[in-house]
Amino acid sequence: MERVEFAGTDVTLVADAAGDPAGRPVLFLHGGGQTRQSWGRATIEAASRGFRAYAIDARGHGESGWSPQGRYGVDAFAGDLRAVIRTLDRRPVLVGASMGGITALIVAGFPPPEVAGLVLVDIAAQVEESGIQEITDFMKSAPKGFATLDEAADVVAAYLPHRPRPRDTSGLMRNLRKHEDGRLYWHWDPAFMKEPKDRETRDFPPELLENAARALRVPTLLVRGGRSRVVSKEGAEAFRELAPHAELADVADADHMVAGDANDRFNAIVFSFLERIPADD
């Protein structure tokens, strides 16, 4: 795995890269509050199949830069992604989860730059507000951080009860940063979670997402977690009404974070789709 940097619109973006530099680029875009580490196994799988994989930390997340003006609206995320795509020699496939999927949908639906395909991971134009509120509540639940790694692990275990709590919690440090006060905080800019009146709004108007879905002209796959409380079966079908060419796949035992809940099944579905996308002209 190689650490690389891209110039966003006003921040530096950090990514992990793997695979043949001449292979088709696949850009993995994580959800809000996550980091590029969410895609570790998918990145390795992509490289093994001949793709050039990039797992990118979004602005304000992981090692990427924090916006000096607190710009965390949809335009800022989409602008960063467009800047990355323009540096590539080939049209990429975008694989985006949650917030990353919204960004990918907007960029794929409203080119330029052109992309070769789109995979949405448990996100669609129509979402369940109660599920979104659960995520928001979790992200706001520890404003003062954690005294220990085990304390953070307990909070995650309560939020994801369907996953067994790992005996070794050291891997969780990839999503935490140690502050000068000695406490551990989630690895994102606190401004990302400020109320809209305090920073550029992060809200994604449903009509914007619906219009982007209608405008899609590239191969598209929506992967839904069978236990998802964010994208319902009705929401997935509504997406296909907007984009009739889109393929739908359910991962029965997965919740919203599909790749983390059922990685092998997720990889099988996604890479089967990616390998059917026609080669560039």
Original post:
Which of the following values of Kirkwood radius over Cα pairs in Å was calculated from the structure shown: [x] 18.9; [y] 20.3; [z] 19.6?
Top reply: [x]
**OP:** Give me the accessible area of Lys144, 1.4 Å probe, in Å² rounded to the nearest 10.
**Re:** 150 Å²
Original post:
With the other protein chains left in place, how much accessible area per residue, in square angstrom, belongs to the stretch 66-129 at a 1.4 angstrom probe?
Top reply: 33 Å²
Original post:
In the chain, what % of DSSP beta bridges are antiparallel (nearest 5)?
Top reply: 40 percent
Subject >> the stretch 1-130 shape via C-alpha gyration tensor axes, a/c threshold 1.5 >> reply: rounded
Original post:
Given +1 on the Cβ of Lys and Arg, -1 on the Cβ of Asp and Glu, and no further charges, what dipole in debye does the chain carry about its Cα centre, rounded to the nearest 20?
Top reply: 300 debye
Original post:
Once amide H atoms are built 1.01 Å from N in the peptide plane, which residues 5 or more positions from Leu221, or in another chain, come under 5 Å H to H?
Top reply: Leu118, Val119, Leu120, Glu247
**OP:** May I ask which residue of Thr148, Gln133, Leu222 lies farthest towards the positive end of the charge dipole of the stretch 124-252, with charges of +1 (Lys, Arg) and -1 (Asp, Glu) on Cβ and the Cα centre as origin?
**Re:** Thr148
Subject >> Accessible area in square angstrom per residue, the stretch 141-281, 1.4 angstrom probe >> reply: 55 Å²
Subject >> For the stretch 1-84, size of Cβ-based charge dipole, Lys and Arg +1, Asp and Glu -1, in debye >> reply: 200 debye
Original post:
At a 1.4 Å probe radius, carbon and sulfur cover how many percent of the accessible area of the stretch 209-263?
Top reply: 46 percent
**OP:** Go through the stretch 87-97 residue by residue and turn each phi into a ³J(HN,Hα) via Karplus (6.51, -1.76, 1.60, θ = phi - 60°); whole Hz please, and just put x for glycine and proline.
**Re:** 8, 8, 7, 10, 5, x, 9, 9, 10, x, 9
**OP:** Grab the beta carbon distance between Ser170 and Asp10, set R0 = 51 Å, and tell me the FRET efficiency rounded to 0.05.
**Re:** 0.90
Subject >> Heavy-atom accessible surface of the stretch 28-150: percent carbon and sulfur, 1.4 Å >> reply: 51 percent
Original post:
Quick one: if the Förster radius is 22 Å, what FRET efficiency do Glu237 and Arg214 give, using the C-beta to C-beta distance and rounding to 0.05?
Top reply: 0.90
Subject >> By average C-beta atoms within 10 angstrom, highest first, the peptides 159-169, 61-71 >> reply: 61-71, 159-169
**OP:** Pull out a ≥ b ≥ c, the square roots of the eigenvalues of the alpha-carbon gyration tensor of the stretch 147-264, then state rounded if a/c is under 1.5, prolate if not and a/b is larger than b/c, and oblate in the remaining case.
**Re:** oblate
**OP:** List the residues of the stretch 243-276 whose backbone N lies under 20 Å from a point placed 7 Å from the Cα of Glu207 along the Cα-to-Cβ direction.
**Re:** 243
**OP:** Label the stretch 122-199 by shape, choosing from rounded, prolate and oblate, from the square roots a ≥ b ≥ c of the eigenvalues of the Cα gyration tensor; if a/c is under 1.5 it is rounded, and otherwise prolate applies when a/b is larger than b/c, oblate when it is not.
**Re:** oblate
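The values are calculated or read from the model by the stated rules, or taken from the named source; none is laboratory data. Because the structure is predicted, anything quoted here is derived from the model rather than measured. Note that we place each Cβ from the backbone using ideal geometry, even for glycine, and neighbour counts take in every protein chain shown. Note: areas computed on protein heavy atoms with side chains; ligands, DNA, RNA excluded. Shrake-Rupley method; radii C 1.70, N 1.55, O 1.52, S 1.80 Å.
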